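The values are calculated or read from the model by the stated rules, or taken from the named source; none is laboratory data. Model, not experiment: these values are computed from the prediction. Note that each Cβ is placed from the backbone with ideal geometry, even for glycine, and that neighbours are counted across all protein chains shown.
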Amino acid sequence: MKRWILAGATALALVGGQAEAKTFKWAYQGDIQSLDPQGLQETFTLGFLGNVYEALTHYDTNLKLEPALATSWENTDPTHWVFHLREGVTFHNGDPFTADDVIFTWKRSLTPGSDLKGAGGKMSEIEKIDDHTIKVTTPTPNPILPRDLPFFYIMSHKWAEENNATQATSPAEANSSSTYASTHENGTGPFIVTGRQPDVKTTFKRFDGYWDKDLKTNVDEVVFTPISEDATRTAALISGDLDLVFPVPVQDWQRLEDAKGVKPLHGPDARTIFLGMDQFRDELLYSDVKGKNPLKDKDVRGAIAHAIDLKAIDEKVMRGAANPAGLLIGPQINGFSKDLAEPYAYDPKQSKELLDKAGYPDGFQLGMDCPNNRYVNDELVCRAVASYLAKIGIKVDLNAQPKAKYFAKVGPQNGNDTSFYLLGWTPTTFDAQNTLFNIVHSFDKAANAGQFNYGHYSNTAIDDMITQIDKETDEAKRQSLIDEAFKTLKDDYGILPIHQQPLSWGVKDTIDAPQRPDDVLDFRYVTMP
Amino acid sequence: MSEVESAIDADLIGWRARLADNDLFHAFIHSPTAIVSTIVTLLICLGALFAPWVAPHDPFDLASVDLMDSLLPPPWMDGGSFSFLLGTDDQGRDVFSAILYGSRISILVGFLSVIFAAAIGVVVGLVAGYAGGLVDAILMRIADVQLSFPAILIALLIDGVLRGILPRGDYDQIAVYVLVLSIGLSFWVQYARTVRSSVMIERTKEYVQASQVIGLPTRTILFRHIMPNVLGPVLVIATIQLALAIITEATLSFLGVGVPPTSPSLGTLIRVGNDYLFSGEWWITIFPGLALVILVLAINLLGDWLRDALNPRLR
Amino acid sequence: MLLFVLKRLAQSVLVMLVVALIAFALFRYVGDPVDSMVGQDTTLEQRADLRERLGLNDSFLVQYARFIGRAATGDFGQSYRLRQPVDELLAERFPATFELSLVSAVMALLIGVPMGVYTALNRRGLLSRGFMTLSLIGISLPTFLIGILLILVFGVVLRWLPTFGRGDVVQVGWWTSGLMTRSGLSSLIMPAITLAIFQMTLIVRLIRAEMLEVLRADYVKFARARGLKPRTINFSIALKNTLVPVMTIIGLQIGSIIAFAIITESVFQWPGMGLLFIQAIENVDIPVMAAYLMLIAFIFVVINLVVDVLYFVVDPRLRVQGR
């Protein structure tokens, strides 16, 4: 018995009898881990599943919040929100969408295997007012709750119960009976997964019963292939095998411009790349300076900040596509302030003077950790930094390693084994508070604060401001607190921003696919000739 | 690969006599292939050895590298500069200098790992061939198991173990020796097998039996009397393996387990340049690639010629 | 004979156990699997909890023992990254690697053997020298470079062949085959060539060397003296005798085909076991890495065993010794 698996287009043409199905083929550098919307809280995975599942709120192509499964919402008092749910929505299997599904999803998000406990934990109670109205209680006043929810995908409680999927699938579970949700989907989104072979291919088709009949896209079928090698991915686009690929190495943009029928698509990424420094050890780990930690000296940090030519890095390493940064958040992030965004001036003379003043006229030795497969040209940026620091006498020993090793080494599980490191951050809520809390706040294991503050930069004044920002519901007051926190950090040379890296896609000329600033491809807006 | 060739090489015994007859030299000056490949190999080796004096720039000195010089094409193209004969890489390093310094590491790794592998292999082969019996069986069993695992996997494994055991700072400093150890340990079997079969033949010869009769210590018989007679094939294997070792180093570096990019070998240079193959900056990867192919080809040609020249029955 | 096979099987199991032990000793240096299993908002406490539930806090010996214990019952665990049983994943990927290796081996033989015979028979001919130089260049070119250059020329510039993947496949039971569709076949060409080149150059050189040996053997000289036709001597006698040792070596080379397949598969995004392994390393997917290494060790061990048994059957002297 032979079963023919044909390329998506032909299969649909045969089954649906449609003459011309529009098939959109795209590739990314990796695959999602699981179809379970609560399996992994990571932008690509959740963005990918956003075509299949939906949440109460949704980001449009410019990351502006818009209604999705909730039509409207109001903050009735500081700790309560009321959401009005959309009527007439059905899941892919035909189940109607009601308040019970929202409550079920919230409970499921708190089960052991879930990786969305963070978002789930923003709500302490959900009360069903009627089938299409819910009242949410938050543990603390939360002025931005709807921003916490666009990736909080609603699952059908009936479907989950029927298929033994009421618990989030955990990677720790070795038995496969509980992993139904990781290999099957049942969302309310505009596309249905029709086939999935991990790492090889995932196919989608349009969901006929989708509630929004005015969807912009004219795509009928989607074929997704993960391609890990940069060169192969670019080649697949140029050769015409694919319609859209990302990420494309920035150095290949010219090649795409020159090639017929394809073009690079780029814009600013919401992710900021920055340098962190060990400011808690009394002696640096990888240095010839013994008995003290030069990075605790503000002048030394200032010397490093002014020694690096961010414009040259942008121009040469990023081909002019990055946005040299003076702030840990980009313009797309809520809380951004243009006045603070000016980078530290490139001034090697001043750096030398600062080093002299700090008592290191001949510089010193410094170990640096850098990932080499995580961010755009990450290793190259580090090598450029090392080269600039060499010019003021700081001899950098660069340790560039794959991200798996890098994070294991510099992360808190290993006691933050690093002196100087490069890291990138996109706040999941697209709000400054998330960056401040994770990157700038003093490391506090109990409060889970400063988890990614690998160098343990610590300033109690800023910590207090962050606590206030969390509670402040007045927009203007909140903004001034955010500005003050970033201003203090900047004057202190606490953490050194490098740039907002570019988003870099390659696409056929004839395809219109908006590039969301968080690097998410939303099929809803893709149109083909 | 040369595990089989070694089987043929086993009977190169008696090579010293032929060398004494100046046969080898005679054959050499009559073989253009041999002369050209020797000259090419020597040129590259000398260039690598004297890189600090020959190379126009020091690509390892971070302070002298300028990011603004990066991605310059070779001088015969638009925008090229004569101070960078083969263009510059993504960091502003002179590609020509980087190749010279890179070959230095590649050749160093090649030579050291071949010497290392030969040393182990010859000793194991001598002992196994001379002792025979259980010792032989155990040693050859180990060799069999190792032979069935590809060199690259073994090298990856050893590299992984050492990388894990050693502290990070130390690792980078001795990355070269780790490579030597990994490649060497995966290459010794060919020598062992070849030497073993030669020894088994030599053992029955009169001069060995005579030495045994007059009561010379085994060590003396093995290393002073038998060893010189089995080194011919070892030399041939060594030449071919030198080429293979250089390629293996390049492949390991390509897989990212070789020497760090701050002091690159040819393989690392090719890996780094690979990212620029589509973007038009082909010189970053093509020139180191060419250097690698020419070097390996020359050594291989030399090895081929040497084998034919030392094997009387093939002439 | 049976005793010999049993003895070797016992040794084989030992080899596999050792491979797995070394593998487990290495895993903690690859990275922390938890980092790629959770998102950035996951708290330290939740991470520690997951680590504990996965048993990653145990010493590598305990983890090793647990893995072996489960493997003995046929349970190879679940992939951390893809959250599916590992044995299913490997079974899904095996056909791709197998077809790629098989086609490239056949390709290498079909081109390599005639070239080897020709160069041995016309040792000083111009074409022979050309072949030998070509084979040297083949050995001197790193596999990864060949793959990228092929993609550049045939995929991007000429646009004759697909640049990645396996094309359309046909399902036959649990097996998937790309050999029966047009796109499957055209997808196979470049990866197979990339993988075949190294093997081919090796075969050319082996056949040539063995053939030269055999041609000088006494029985060939005798046949010549008897006035047999050169054609009969060359092909019926010499080539036949050349093939026995060559076949054993080729058997052993299957191992290196699998190793080089890792590189080829990652360049061409070929959905085989090698690609699965490379991505497992990247994401510290310990169950997949462990199972893959065990499987490879198993394949090697089986091939070794088969080769030894063949020797035993072919070479009467070994039988007398009884070994």
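Quick check: is even one residue across the stretch A:9-24 assigned to a helix (DSSP H, G or I), at pLDDT below 95, of a type outside the set (Ser, Thr, Tyr) and in contact with a strand residue (DSSP E or B) (Cβ under 6 Å, 6 or more places away or on another chain)? Spell out the reasoning first.
At the first step, the residues of the stretch A:9-24 found to be assigned to a helix (DSSP H, G or I) are A:9-16.
Remaining after also requiring at pLDDT below 95: A:9-16.
Next, only the ones that are of a type outside the set (Ser, Thr, Tyr) stay: A:9, A:11-16.
Retained after the next criterion (residues that are in contact with a strand residue (DSSP E or B) (Cβ under 6 Å, 6 or more places away or on another chain)): A:9, A:12.
Checked the stretch A:9-24: at least one residue is assigned to a helix (DSSP H, G or I), at pLDDT below 95, of a type outside the set (Ser, Thr, Tyr) and in contact with a strand residue (DSSP E or B) (Cβ under 6 Å, 6 or more places away or on another chain).
Considering the stretch C:170-205 alone, what residues qualify as being out of contact with any Leu (no Cβ under 9 Å at 6 or more places or on another chain), at the interface with chain A (Cβ under 9 Å from one of its Cβ atoms) and not in a helix (DSSP H, G or I)?
C:Gln171, C:Val172, C:Gly173, C:Thr176, C:Met180
Helices (runs of 4 or more DSSP H) wholly in the stretch C:54-149 with at least 1 residues that are more than 14 Å from chain B (Cβ to nearest Cβ), of a type in the set (A, V, I, L, M) and in contact with a helix residue (DSSP H, G or I) (Cβ under 7 Å, 6 or more places away or on another chain) - which ones?
C:60-72, C:86-121
Need the failing condition index for A:Thr510 against (1) part of a loop (DSSP other than H, G, I, E, B); (2) within 24 Å of A:Ile304 (Cα to Cα), just the number.
(2) is the only condition that A:Thr510 fails.
So in the stretch A:359-413, with the set limited to residues that are of a type in the set (A, V, I, L, M) and without any contact (Cβ under 8 Å) to a residue 12 or more places away in the chain, which one is farthest from A:Pro294 (Cα to Cα)?
Among residues in the stretch A:359-413 that are of a type in the set (A, V, I, L, M) and without any contact (Cβ under 8 Å) to a residue 12 or more places away in the chain, the one farthest from A:Pro294 (Cα to Cα) is A:Ala404.
So that you can scan it fast, the table gives a plain yes or no per residue for (1) part of a strand (DSSP E or B); (2) acidic (Asp, Glu); (3) within 15 Å of A:Ile304 (Cβ to Cβ):
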{"site": "A:Ser351", "(1), (2), (3)": "no, no, yes"}
{"site": "A:Lys357", "(1), (2), (3)": "no, no, yes"}
{"site": "A:Asp362", "(1), (2), (3)": "no, yes, no"}
{"site": "A:Leu366", "(1), (2), (3)": "yes, no, yes"}
{"site": "A:Ala384", "(1), (2), (3)": "no, no, yes"}
{"site": "A:Ala390", "(1), (2), (3)": "no, no, yes"}
{"site": "A:Asn416", "(1), (2), (3)": "no, no, no"}
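Specify the residue that is nearest to the other protein chains (Cβ to nearest Cβ); the eligible residues are those in the stretch B:54-99 that are under 21 Å from B:Ile294 (Cα atoms) and in contact with a Gly (Cβ under 6 Å, 6 or more places away or on another chain).
The qualifying residue nearest to the other protein chains (Cβ to nearest Cβ) is B:Val95.
Run down A:Val136, A:Val102 and say which single residue is β-branched (Val, Ile, Thr), in a helix (DSSP H, G or I) and crowded, with 19+ Cβ neighbours inside 10 Å.
It is A:Val102.
Based on what the data block shows, is A:Ala513 within 30 Å of A:Ala235 (Cα to Cα) and at pLDDT 90 or above?
Here the answer is yes, as A:Ala513 does meet what is asked.
Take the residues in the stretch A:235-258 that are touching a Pro at 6+ places or on another chain (Cβ under 7 Å) and β-branched (Val, Ile, Thr); name whichever of them is surrounded by the fewest Cβ atoms within 10 Å (Cβ to Cβ).
Among those residues, the one meeting the criterion is A:Val250.
Yes or no, residue by residue, for (1) assigned to a helix (DSSP H, G or I); (2) at pLDDT 90 or above; (3) crowded, with 19+ Cβ neighbours inside 10 Å; (4) polar (S, T, N, Q):
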site	(1), (2), (3), (4)
A:Pro268	no, no, no, no
A:Arg271	no, yes, yes, no
A:Leu284	no, yes, yes, no
A:Arg301	yes, yes, yes, no
A:Ile304	yes, yes, yes, no
A:Asp314	yes, yes, yes, no
A:Gly330	no, yes, yes, no
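Under 7 Å between Cβ atoms, which residue pairs at least 6 apart in sequence (or on different chains) link something in the stretch C:226-248 that is farther than 18 Å from C:Ile203 by Cβ and part of a helix (DSSP H, G or I) with a partner that is at pLDDT 80 or above and not hydrophobic (A, V, I, L, M, F, W, C)?
Qualifying pairs under 7 Å: C:Ile233/C:Arg224.
Inspect the stretch A:398-417 for any residue being facing another protein chain (nearest Cβ under 10 Å), surrounded by 20 or more Cβ atoms within 10 Å (Cβ to Cβ), at pLDDT 90 or above and in contact with a helix residue (DSSP H, G or I) (Cβ under 6 Å, 6 or more places away or on another chain) and give the result as yes or no. Let's see the steps before the verdict.
Quick first cut of the stretch A:398-417, residues facing another protein chain (nearest Cβ under 10 Å) only: A:398-409, A:411-414, A:417.
Narrowing the set further to residues that are surrounded by 20 or more Cβ atoms within 10 Å (Cβ to Cβ) leaves A:398-401, A:404-409, A:411.
Within this subset, residues satisfying the condition of being at pLDDT 90 or above are none.
No, there is no match, as no residue in the stretch A:398-417 is facing another protein chain (nearest Cβ under 10 Å), surrounded by 20 or more Cβ atoms within 10 Å (Cβ to Cβ), at pLDDT 90 or above and in contact with a helix residue (DSSP H, G or I) (Cβ under 6 Å, 6 or more places away or on another chain).
Could you tell me whether the stretch A:219-240 includes any residue that is in contact with a Gly (Cβ under 8 Å, 6 or more places away or on another chain), closer than 30 Å to A:Ala307 by Cα and assigned to a helix (DSSP H, G or I)?
No: the stretch A:219-240 contains no residue that is in contact with a Gly (Cβ under 8 Å, 6 or more places away or on another chain), closer than 30 Å to A:Ala307 by Cα and assigned to a helix (DSSP H, G or I).
Applying the selection to the stretch A:54-71, what residues are under 23 Å from A:Lys471 (Cα atoms) and assigned to a strand (DSSP E or B)?
Selection gives A:Thr57, A:Leu65.
Please go through the stretch A:239-248 and give me each residue that is in contact with a helix residue (DSSP H, G or I) (Cβ under 9 Å, 6 or more places away or on another chain) and either at pLDDT 90 or above or away from chain B (no Cβ under 13 Å) (or both), ordered by number.
Taking the stretch A:239-248 first, the residues in contact with a helix residue (DSSP H, G or I) (Cβ under 9 Å, 6 or more places away or on another chain) are A:239, A:241-248.
Once the filter is applied, which keeps residues that are in contact with a helix residue (DSSP H, G or I) (Cβ under 9 Å, 6 or more places away or on another chain) and either at pLDDT 90 or above or away from chain B (no Cβ under 13 Å) (or both), the stretch A:239-248 yields A:Asp241, A:Leu242, A:Asp243, A:Leu244, A:Val245, A:Phe246, A:Pro247, A:Val248.
Of everything in the stretch B:207-223, what is out of contact with any helix residue (DSSP H, G or I) (no Cβ under 9 Å at 6 or more places or on another chain) and in a helix (DSSP H, G or I)? Give them in sequence order. I'd like the intermediate steps shown before the answer.
Going through the stretch B:207-223, the residues out of contact with any helix residue (DSSP H, G or I) (no Cβ under 9 Å at 6 or more places or on another chain) turn out to be B:210, B:213-215, B:217, B:219.
Result: B:Ala210, B:Val213, B:Arg219.
Return yes when A:Gly209 is under 24 Å from the mean Cα position of the chain (by Cα) and either closer than 30 Å to A:Asn373 by Cβ or not aliphatic (A, V, I, L, M) (or both) and no when it is not. Steps first, answer last, please.
Working: under 24 Å from the mean Cα position of the chain (by Cα): no; either closer than 30 Å to A:Asn373 by Cβ or not aliphatic (A, V, I, L, M) (or both): yes.
In short, no.
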